[in-house]
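The values are calculated or read from the model by the stated rules, or taken from the named source; none is laboratory data. What you see is a predicted model; the values in this text were computed from it and never measured. Here Cβ is always computed from backbone atoms with ideal geometry, including for glycine, and neighbour counts include all displayed protein chains.
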Amino acid sequence: MRPSRRTVLSLLLLAGLTCASAPALAPAPAVALQPAPGVADLVADLDQILSDARLVPARAGVAVRSAATGEELYARDGGKILTPASNAKLVTSAAAVEHLGPDFRFTTSVLSAGRRTGPVLTGDLYLRGTGDPTMLAADYDALAARVAAAGIRTVTGRLVADDTWFDAVRLGADWAWDDEPYYYAGQISALTASPDTDYDAGSVIVSVAPGDAAGRPAKVSTTPETDYLKIENRAVTGSGTDVLVERRHGTNTVVVTGTVADGYDEWVTVDDPTGYAASLFRTALSRHGVRVLGRTARGAAPSGAAAVAERRSMPLGELLVPFMKLSNNMHAEILVKSIGRKVSGAGTWSAGLSAITSFAQANGMPTLRMRDGSGLSRVDGLTPGGVTGLLLALRARPWFPAWYGSLPVAGEADRMTGGTLRSRMRGTPAAGNVRAKTGSLTGVTSLSGYVTGADGEPLVFSIMLNQYLSGPPRDIEDKIAVRLARFSRTAPAGISSIPLRETASNVPELECSWSKPVRC
């Protein structure tokens, strides 16, 4: 009887031969597993959607998994590193809730180490921040009112702005210098202020209105009222509105040019938010009858300084809503530094990003590169497969319901519900169903999140499209999301026949919420 190959190999191993010296066995023939008809139909349909001519010169990565079983339903370059744009906020926000907790609050304090004699404080008054992006001019006014209510009328020393909770690096790595005047690239500081309840930290609203008659100078005002910005008004009243509001690089001079017939608002960053916040507070102190005789300075409050007044922000669980719904870059970067401060005692990008990366790698995302928290850096890199792995893992976290609720919802018109998806996928099975994070830069668009299929099966997905030469092909993302909402393992769904709005080539390649005057 002739021995089998398996018997020969066993005898060779028993004789002390290594595997390398044993004769190689022919591999067993692969058994092709045929996907269920519904899955096969899904694969064919997504392949067809991604055959769009606009993607021929581009890079497209897509991953879809069942959230019920973890099964991979579709993958197109799911392991490739792609630029995520604001999909990076999925990682940052989740790591922030994990490390800081949903009940975390920012604190802004007024402190004194001087001697009180009646209404006179002999010494310095300190304004100390921890990065609160929700501080408005009204909140600095309320702090000043509490100082006055404490009986202080004169401060013989200085007003000292303490922003040492974070380091002094104001702008993220790889950010483009020509983005600096625009509020989606505001400077990061532990002391800052926002102009309204979108909480765009470190910015001011510049409003331009027509003057008294055609050809006359336009009227320019700011929210909040501040002399921290120097306005050069060259705009005039005209028959149409074509206004340009620009902050000169490295300065707080804002130049307004063009013509205006109707009111026009522009959100503009300030140079040095610490100085801006201190100026708002000093003005508020004066308004409440508190005189500070010394100059405004920078420095750390001494240990043991007594609290005079304090303001705490809303909890992080609530801040997630404006952060994620409106894709607020500054919230992301402030949270990065807050994580660094909590985890390693250093309020820096490097410390925070190290902790975020470790969190992601421990939660389904083994491969990533994070250079900032918002996705504004083009060096950020995620994989679609890694994003779906993270989305699956997060479902087990105790804080998942609050985090999930912060994601934009397709087709929901309310701004704080639909967010950056409020005008997309209306009238389709994806409306009110898809909860996902958008992302957009020039040549980059992404959409990743959750959707429930036609049979009630929960799915996770990630779509990243890079380096296209057309206008942003968000309609491709929408078609994929709608097809996933129609997914059934048993009944073929086919590509939705419901027409989806195509993205015009002249639409700005920014998140909808980043183009404030434009209603996306």
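How about segment 301-353: which of its residues are crowded, with 18+ Cβ neighbours inside 10 Å, of a type in the set (S, T, N, Q) and over 30 Å from SER112 (Cβ atoms)?
Across segment 301-353, the qualifying residues are SER327, ASN328, ASN329.
Is it fair to say ARG395 is among the charged types (D, E, K, R), surrounded by fewer than 23 Cβ atoms within 10 Å (Cβ to Cβ) and closer than 20 Å to GLY61 by Cβ? Quick ask: steps written out before the conclusion?
Working: among the charged types (D, E, K, R): yes; surrounded by fewer than 23 Cβ atoms within 10 Å (Cβ to Cβ): yes; closer than 20 Å to GLY61 by Cβ: no.
Judged against the criteria, ARG395 is not a match.
Residues to consider are ALA332, ALA351; find the one that is at pLDDT 95 or above and farther than 23 Å from SER203 by Cβ. Write out each step before concluding.
Numbers: ALA332 fails: farther than 23 Å from SER203 by Cβ.
Among ALA332, ALA351, only ALA351 is at pLDDT 95 or above and farther than 23 Å from SER203 by Cβ.
Condition first: surrounded by 24 or more Cβ atoms within 10 Å (Cβ to Cβ) and of a type outside the set (D, E, K, R). Now tell me which residues in segment 354-376 satisfy that. Spell out how you get there, then give the answer.
Applying the first criterion (surrounded by 24 or more Cβ atoms within 10 Å (Cβ to Cβ)) to segment 354-376 yields 356, 360, 370, 372-376.
Scanning segment 354-376 gives ILE356, ALA360, MET370, GLY373, SER374, GLY375, LEU376.
Within segment 262-269, is even one residue in contact (Cβ under 8 Å) with a residue 24 or more places away in the chain, buried (at least 16 other Cβ atoms within 10 Å of the Cβ) and assigned to a loop (DSSP other than H, G, I, E, B)?
no
Select, from VAL120, VAL147, VAL169, the only residue that is within 19 Å of SER279 (Cβ to Cβ) and among the hydrophobic types (A, V, I, L, M, F, W, C). Outline the logic, then answer.
On the way: VAL120 fails: within 19 Å of SER279 (Cβ to Cβ); VAL169 fails: within 19 Å of SER279 (Cβ to Cβ).
Result: VAL147 is the single residue among VAL120, VAL147, VAL169 that is within 19 Å of SER279 (Cβ to Cβ) and among the hydrophobic types (A, V, I, L, M, F, W, C).
Sort out which residues of segment 147-184 are among the aliphatic types (A, V, I, L, M) and within 24 Å of GLY347 (Cα to Cα), and write them in order of number. Walk me through how you get there before you give the answer.
Residues of segment 147-184 that are among the aliphatic types (A, V, I, L, M), as a first pass: 147-150, 152, 155, 159-161, 168-169, 171, 173, 176.
Of everything in segment 147-184, those that are among the aliphatic types (A, V, I, L, M) and within 24 Å of GLY347 (Cα to Cα) turn out to be LEU159, VAL160, ALA161, ALA168, VAL169, LEU171, ALA173, ALA176.
Residues being surrounded by fewer than 24 Cβ atoms within 10 Å (Cβ to Cβ) and in contact (Cβ under 8 Å) with a residue 24 or more places away in the chain: count how many of those fall in segment 416-434.
Of all residues in segment 416-434, those surrounded by fewer than 24 Cβ atoms within 10 Å (Cβ to Cβ) come to 416-418, 422-423, 426-429, 431-433.
Filter once more, keeping what is in contact (Cβ under 8 Å) with a residue 24 or more places away in the chain: 416-418, 422-423, 427-429, 433.
Here the count works out to 9.
Tell me which strands (runs of 3 or more DSSP E) are completely within segment 64-164 and hold 2 or more residues being polar (S, T, N, Q), or say none if there are none.
Fully inside segment 64-164 and qualifying: 107-112.
Out of the residues in segment 189-217 that are in a loop (DSSP other than H, G, I, E, B) and polar (S, T, N, Q), state the one that is surrounded by the fewest Cβ atoms within 10 Å (Cβ to Cβ).
Of the residues in segment 189-217, the ones in a loop (DSSP other than H, G, I, E, B) are 189-202, 210-216.
Subsequent filtering for residues that are polar (S, T, N, Q) retains 189, 192, 194, 197.
Numbers: SER189: 28, THR192: 30, SER194: 28, THR197: 10.
In this case the residue turns out to be THR197.
Restricting the search to segment 67-96, which residues are closer than 18 Å to LEU55 by Cα and of a type in the set (Asp, Glu)?
Result: ASP77, single match.
I need the full set of residues from segment 184-229 which are under 19 Å from the mean Cα position of the chain (by Cα) and either at pLDDT below 95 or polar (S, T, N, Q) (or both), in order please.
Looking only at segment 184-229, we keep the residues that are under 19 Å from the mean Cα position of the chain (by Cα), and these are 184-190, 192-203.
Within segment 184-229, GLN187, SER189, THR192, SER194, THR197, SER203 qualify.
For segment 111-129, which residues satisfy the criterion of being touching a residue at least 12 places away in the same chain (Cβ under 8 Å) and either assigned by TED's automatic domain parsing to the domain that holds VAL336 or surrounded by fewer than 23 Cβ atoms within 10 Å (Cβ to Cβ) (or both)?
Correct list: LEU111, ALA113, GLY114, ARG116, GLY118, PRO119, VAL120, THR122, GLY123, ASP124, ARG128.
Quickly run through segment 95-110 and pick out the residues that are surrounded by fewer than 22 Cβ atoms within 10 Å (Cβ to Cβ) and hydroxyl-bearing (Ser, Thr, Tyr). Walk me through how you get there before you give the answer.
Keep residues of segment 95-110 that are surrounded by fewer than 22 Cβ atoms within 10 Å (Cβ to Cβ), which gives 98-105, 107, 109.
Of everything in segment 95-110, those that are surrounded by fewer than 22 Cβ atoms within 10 Å (Cβ to Cβ) and hydroxyl-bearing (Ser, Thr, Tyr) turn out to be THR107, SER109.
Checking VAL256 against (1) in contact (Cβ under 8 Å) with a residue 60 or more places away in the chain; (2) in contact with a strand residue (DSSP E or B) (Cβ under 7 Å, 6 or more places away or on another chain); (3) at negative phi; (4) surrounded by 18 or more Cβ atoms within 10 Å (Cβ to Cβ), which test does it fail?
(1)
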